[in-house]
Amino acid sequence: MQEIINKIDWQKIELLPVIVQDVLSNEVLMMAYMDKKALELSLSTRVAHYFSRSKQRIWKKGESSGHIQEIHSFNIDCDNDTLLIKVTQHGVACHTGRPSCFFTELESGKIQSEVEVSSEALYGVIDTLYHTIQERKNADPSVSWTAKLLSKGDNTILKKVVEEAGEFSFACKDNDEAEIIYEAADLTYHVLVALAAKNISPDRVKQELARRFNMSGIAEKSSRDT
């Protein structure tokens, strides 16, 4: 196994670009990255594992959705720094719910394939909302509140976070259940906008929360003070 992994020119690259192709149709489904561990897992399990730059961790393709990629072959390019894998895609490849990630024509912006599966059903509302916010970065600020917020920069975004946190606090103080839910949703949205502005996936927040399991709050705070 190690001999195979060492065929990659790791001195040239830290992350190995991987092109993913359907084994039957030869359609290019997506492009991702592997580090050494992700490649080892992919080779040993024959199921695609990648290194997510946004999540900053290894992830098994389909770990949330169940839409895994069964690998049939690994092909390295002539420079030993790019991989082509041929897979059977179970379900859809793209987080938008489309079969392939390559569905937008660059020059015209035309969408060339339809959504087959709801992304909310695949990944849940938080991750879907985060991806939607990321997509709004290139939208017209005159027609998208999210695009307008992102175009204004940190000060405007963070003022909204503080404002919504205050409104949430007042709703809790007033013991108004409907308002608590409404303001919590507003606060969550604006926190996700702030995370998207910094390209920090909410998955990394989940990782941090998971790290704190079985750790007392006092111990966790002390660890940050040292």
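Magnitude of the charge dipole for the chain, about its Cα centre and with charges confined to Cβ atoms of Lys, Arg (+1) and Asp, Glu (-1), is about 660 debye. Fully extending the segment from residue 5 to residue 205, taken as 0.36 nm per residue of separation minus the present Cα-Cα distance, adds 68.9 nm. Counting only residues at least eight positions apart within a chain, or on another chain, the lysines with an alpha carbon under 18 Å from that of residue 152 are 137, 160, 198. The long axis of helix 154-173 is offset from the longest Cα principal axis of the chain by roughly 60 degrees. Separation of the alpha carbons by more than 27 angstrom is noted, of 37/110; 36/110; 55/148; 61/159, for 37/110; 36/110; 61/159. Overall, the accessible surface of the chain at a probe of 1.4 angstrom is composed of carbon and sulfur to the extent of 53 percent. Cross-link partners of residue 86 among aspartates and glutamates, defined as those whose alpha carbon lies under 20 angstrom from its own and excluding same-chain residues fewer than eight positions apart: 22, 27, 35, 40, 63, 70, 77. In the chain, a dipole from Cβ-located charges (positive for Lys and Arg, negative for Asp and Glu) runs towards its positive end, and of 38, 23, 102 it is 38 whose Cα lies farthest in that direction. Working note: Cα atoms of the stretch 8-93, range along each principal axis, descending, whole Å: 35, 27, 22. All other residues whose Cβ lies under 12 angstrom from that of residue 147 are scored, Lys and Arg at +1 and Asp and Glu at -1, for a net of +2.
These residues, 213, 102, 51, go from largest to smallest accessible area, 1.4 Å probe, as 213, 102, 51. Shown in residue order for the stretch 4-21 are the 3J(HN,Hα) couplings computed by the Karplus curve 6.51 cos²θ - 1.76 cosθ + 1.60 at θ = phi - 60°: 5, 4, 6, 5, 6, 7, 5, 5, 7, 9, 8, 10, 8, x, 10, 8, 10, 10 Hz (x for Gly and Pro).
Take the convex hull of the alpha carbons in the stretch 73-133; its mean projected area over all directions comes to 6.2 nm².
The values are calculated or read from the model by the stated rules, or taken from the named source; none is laboratory data. Just so we're clear, the structure is a prediction, and the values are computed from it rather than from any experiment. Note: ideal-geometry Cβ built from the backbone for every residue, glycine included; neighbour counts use all protein chains shown. Calculation scope for accessible area: heavy atoms of the full protein, side chains included, ligands and nucleic acids excluded. Shrake-Rupley method; radii C 1.70, N 1.55, O 1.52, S 1.80 Å.
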